[in-house]
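I have placed the structure first, in the form of C-alpha cells, so that the comments after it can refer back to it.
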Amino acid sequence: MATMTFHSWQRPALLADATEDGGRLRGAIPLQIDDVADAQGHTETSIPVYLRSAADVATLNPSAIRHMAPRPSTADAETTKLVHLDFHEADLPWRYSPKASPQGGQTTPWLVLLVGTEDELNLQGGIVVPGAGVLQAHNLAHAHRWAHVHDENGMRFSRLLSPRILAPLRGHVAALVPAFDANGQFCWNGGALTGSHLPVFYSWRFRTGEAGDFETLAAALRVRKAGSLGMADIRYRRPLTDLDETLRAGGAITSLQALPDQSEAVGKVRADLDRLNDRVEDEIPDVIPQPPEREIMQLPRYGGLWLDDVDAVRWSKSMNDDPRNRGIGGLGVRMGVVEQEPLMAAAVEQAGALQDIGQRISFLAAGLGLSGRLWNRRLPDSAEQRLQLFGPAMGRMMSSDGQGVLDRVTGPDSVLQRSLFSSAAMRLTRAGSGRSRFAAGGKVDRRKIMQLANQPIEPQQANAEGIIHADGLAEQFGIKPLGDALGLDEIDKVIEELFAKFEGAPVNNDSVGTFIERTAELLGLRCYDRMGVYFGELSPQPDFFEREMMIGAINACRASALDELAIKYGIDQLLPGYDPPDRRRPINLDALDAAVTGSIDPTVARPPAWVRVESTIDGIKLVSLAPPEAPIGLDYPTWTMLKRHDKEWLLPGANAVLPDSVIALRTNPAFVDAFLLGLNTQFLAEMRWRNLPAPRVSTPLRMFWGYVDHDEGKRAPDIQPFDRWLSKPVGAADADDLGHRSHQVFEFAATSGEGNLVIAFRTALFRRYPSTLVYLVRTPAGGEAALDALLTTQPQFRQATGMPDTRDYIGPIFQGEIMPDLVFFVFDVEPEALDKYWLVLDEPPAELRFRNDKSLNWNNAAEFAVKTIDKPTRVAISGTALETLGEAP
C-alpha cells in the first residue's frame with residue numbers, strides 16, 4: 001500500500017548559509033592563506049560568490065518534467081481539479097529562489113504554473129503576456145502554497161500546482177513561467193506585469209468537459225418515487241360493440257408496483273376479442289357454380305405456428321384474448337417490419353452457412369459409407385496385421401497425454417522399431433517381392449515378423465567371455481564384491497529409483513542435499529563429504545539433474561566404500577560409469593490394436609470422422625447424416641430495436657424521469673414473451689416469403705436482453721423455444737401464463753419468476769465515467785460497524801450467480817443505455833428483497849489529483865496538499881429507501 005508524505009519545500013545544502021544581495025543569492029568560499037603570517041602563522045578569509053537566479057534561466061529541459069495533469073490534449077478535463085506539474089528533482093522549484101520570502105521562513109518557488117483559457121494566454125515565440133484575470137488568480141503572495149515535495153515509498157519528487165479555477169467546456173493553456181525578475185522582485189503585482197512579458201519555459205494545452213466531477217455528480221443523485229414509471233396505457237376502442245376501455249400494461253422495464261386491478265374492464269375486452277378471434281367462414285352466395293376457396297384476413301393468431309389449438313393453452317389464449325398482450329405482440333410485429341432488412345441479411349448469411357454444412361455432411365455420409373464397406377471386406381483378421389496397416393496413421397494420432405501414438409509405441413521403453421510400421425516395411429514384405437520369393441510358399445508372414453520383433457530383451461551376462469569381472473578382481477585383492485560391499489542384492493533397481501526421482505529436477509542447494517541424503521540412505525553408506533565435493537567441483541554448474549551427473553555422484557559414493565588399497569590399485573577406475581538395465585519391454589499388441597482400430601472404425605454409431613466434422617459446426621448437433629433442416633437462430637439482442645424505435649416501451653415514461661434520479665424497477669418477463677411471440681411470427685412469415693428455410697416449429701429470435709452466459713463466454717437466449725413451452729390446458733390450476741418461469745432459459749435467483757431487480761439512473765455520471773463500478777452489498781448482521789467494514793473494503797465477486805443468499809457483493813448481470821444519460825443495471829436479485837442490500841457506486845481508479853472546490857487558504861504547502869488531495873469516492877444508497885420509493889405510487 002502506498003504511503004504518501006508531503007513537505008513544504010526543499011533546497012540544496014549549498015544554499016543554507018546564502019544571503020540575498022540585489023536579487024541574487026550570495027555565498028562565501030572560505031580561504032586560508034599561509035604566506036601571510038599572523039600571530040598563529042596563517043590568515044583566514046573568504047571569497048564572495050554570487051549564485052544563479054531565476055533571471056539567469058533561459059529554458060527548461062523537458063526531461064526534467066515527470067508528469068502533467070491533466071495530460072496534454074485531454075478533451076474532457078474535470079473542472080474541480082487543480083492543474084499540476086511534477087518534476088523529477090525534489091529541489092527544482094526552489095533552486096533559484098531569493099532567500100527572502102514574504103511568508104516568513106517559507107521559501108517562495110521561483111517557478112509558477114499559470115493556467116488560463118486560450119484567449120487569456122496567447123503564447124507567441126516562447127513569451128506570453130497574460131491577461132489581468134490570470135495574474136489576479138495567481139497572487140504571488142500565496143505562491144509558497146502551490147509547490148511541495150512528495151515522498152512515496154522511498155521516491156521523492158516535487159510538484160507545482162495552479163490555483164486557477166477551470167471554466168467548463170473551454171480550451172485551456174498551462175504555462176510554466178518565472179516568479180522573480182532580475183532584481184529578485186515578483187514579476188507581477190495584482191493584475192499588472194512589472195515587465196513587458198514573461199518567458200515561457202514549458203506549456204501544454206487541454207480542454208475541459210462539463211462542470212463537476214464524479215463526486216459532485218454522485219452527490220447530486222436522489223432516490224425518486226417510481227410512480228407510474230414503467231407502465232403505459234393501451235386503449236381498446238370498438239364503437240360497434242360500444243367498448244372504450246383504457247388498460248394499463250408494463251413495459252420491458254416496469255415498476256415494482258403491481259398493475260392496478262382492472263379485472264372488470266379486462267374481462268369485457270377479452271370477451272370481445274375472443275369473438276373477433278373466432279374463424280370467419282366465407283358466406284358469399286354461390287354466384288359462380290364452384291367459387292374458389294378464399295382466405296379471410298383476420299387478427300393474427302399468435303402461437304398458431306407452434307400449437308394445434310391456441311385456445312386450449314393458457315399462454316396462447318392469454319396472448320390472443322388480452323389486448324395488453326396483443327398490443328405488445330403487435331409492437332414485436334412492427335419491430336420485425338422496420339428491422340426486416342438487417343434481420344433478413346443475417347438470416348440469409350446463416351442460411352448460406354447451412355448450405356455449406358449440408359455439403360460437409362453429405363461428404364461425410366459418402367466417406368463413411370465407402371470406408372465402411374472397405375472396412376468390412378478388406379480389414380485384416382489379426383491384430384499384428386492391422387497394426388502394420390494402420391502404422392502410418394498412428395503417426396498422426398495423439399495419445400491421452402498429448403504424445404504421438406507411434407512415438408509412444410516405439411519409444412525408449414518399447415522393443416518395437418518405428419520402421420516396422422512404415423509403408424516401406426509393407427512394400428518390402430508384400431507377396432512377390434525379392435525377399436518373399438524364397439520364403440515358404442513365396443509369402444512373408446507379416447504377423448510372425450511383428451511377433452518376433454515384440455519379444456522381451458534377454459539379459460546380458462555381467463562380463464564378456466574371457467574378461468575378468470570387477471567382482472573377480474576385487475576378490476583377488478581380498479576385498480568384497482561391490483554388491484556385498486554395499487549390502488545390496490539389486491543395486492540396479494535402487495539406482496533406477498534414484499534416477500526416476502531426481503532426473504530433470506532443478507539443481508539447487510536443497511535438491512543437492514536431498515539427493516545426497518537419499519543416495520546415502522539407499523546405498524547404506526556414509527559418503528556425504530565425497531559426494532558434496534563432487535557436486536562442488538562440477539563446472540559449469542548444471543541447471544537440472546542429468547543422468548551422467550548422477551552416475552558420477554554415485555560412483556564417488558561407492559568408491560568411498562572400497563578400502564584405500566582397492567582405490568590405490570584402481571578398483572574404482574573399473575567402474576567409470578553406470579550402465580543401466582535395458583528398460584525395453586514388449587507391447588500388448590491386442591490392447592494397442594483395440595485402441596487404434598477403435599479410433600478409426602467407420603462402422604460404429606458415432607465414428608471418429610463424425611465427431612471430427614461435428615466439431616467444425618457450431619450451433620447444430622448431428623443426430624443423423626440426412627440433409628440438415630436446422631432452423632435459423634440469430635444472436636440478436638432485440639431490446640435494441642425498442643431503444644432505436646420506441647424507447648417509451650422499453651421504459652414507459654423514460655422521458656419524464658428527472659435528472660439526477662435513482663429509481664428501483666424490475667424486468668418484465670411477460671412483456672418479453674409477448675414481444676418475442678409477435679416478432680417471431682412476423683420474422684417467420686418474412687422468411688417464408690423469401691424462400692428461406694423456416695421450419696414451422698422454429699424460434700429464430702429467442703434473445704431479448706442477451707444476458708451473458710459466463711460459463712460459455714457468449715450471450716444466451718432469454719426464452720426457451722416456443723414449442724417447448726408447457727401446453728397445459730386453460731383450466732389447470734398450475735397453468736403457465738406469459739412470463740412463466742418455465743419459459744426462461746436462465747435460472748436466476750428471483751424465485752418468483754416475476755423479473756429481476758433493475759436500478760435506473762438519470763445522470764451524466766455514467767456518460768462521463770463509464771467505468772463506474774455498480775454493485776449491491778448485503779446488509780450484514782452486526783449493526784453499523786459491520787456495515788461500515790463491508791462498505792469500506794474491496795468488493796469480492798467470487799460467488800456464483802444464482803446464489804444470492806451466499807453472496808455479500810452482487811454485481812449486475814446486465815447493463816444498458818436507453819438514452820445517453822439514462823442507464824440501467826439488472827441484478828440477479830428478487831426485487832422484493834432489495835431492503836436487504838445497499839446499492840454502491842465506486843469511482844473509477846484515477847491518477848493523483850487535487851481539488852479546487854475546497855479551501856485553498858492553508859498555512860503552508862504541505863498542509864495545502866493534504867487538505868486538497870482528491871480521495872476516491874464511494875456512494876452507498878439504502879436498499880430500503882430504494883424499495884420503499886420504488887413501490888410508492
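We did not get these values from a lab; they are worked out from the coordinates using the rules stated. What you see is a predicted model, and the numbers here were worked out from it, not measured in a lab. No Cβ is skipped: glycine too gets one built from the backbone with ideal geometry, and neighbour counts run over all protein chains shown.
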Histogram of C-alpha separations across region 118-160, 5 Å bin width, %: 5, 17, 16, 16, 17, 13, 9, 6, 1
Region 56-119 versus region 155-217: alpha-carbon centroid distance in Å: 8
Average projection area in nm² (convex hull over Cα atoms of region 813-889, one quarter of hull surface): 8.4
Quarter of Cα convex hull surface for region 755-889, i.e. mean projection, nm²: 10.9
Candidate lysines - alpha carbon under 16 Å from Lys268, same-chain residues fewer than 8 apart omitted: Lys317
Whole-Hz couplings from phi, Karplus 6.51/-1.76/1.60, listed for region 645-654; x for Gly and Pro: 10, 7, 4, 5, 9, 5, 9, x, x, 4
Hz values of 3J(HN,Hα) by residue in region 835-850 - Karplus curve (6.51, -1.76, 1.60), Gly and Pro given as x: 5, 8, 10, 10, 8, 10, 10, 10, 5, x, x, 8, 6, 5, 9, 10
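Order of 851-863, 128-140, 257-269 by packing, highest average Cβ count within 10 Å first? Mind showing how you got there, number by number?
Details: 851-863: 15.5, 128-140: 18.0, 257-269: 13.7.
Taking the mean over residues of other Cβ atoms within 10 Å, the ranking is 128-140, 851-863, 257-269.
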C-alpha center-to-center spacing [region 303-377, region 807-829] in angstrom: 31
Alpha-carbon radius of gyration plus Dmax, which is the widest Cα pair, for region 641-719 in Å: 16.1, 51
Extreme residue, positive dipole direction of region 759-863, given options Leu822, Tyr769, Pro812 (C-beta unit charges): Tyr769
Under 5 Å, built H, 5+ apart or other chain: amide partners of Gly404: Ser399
Dimensionless Rg ratio for region 590-724, taking C-alpha atoms and the 2.2 N^0.38 Å reference: 1.56
Radius of gyration, Dmax [region 291-397; alpha carbons; angstrom]: 27.7, 78
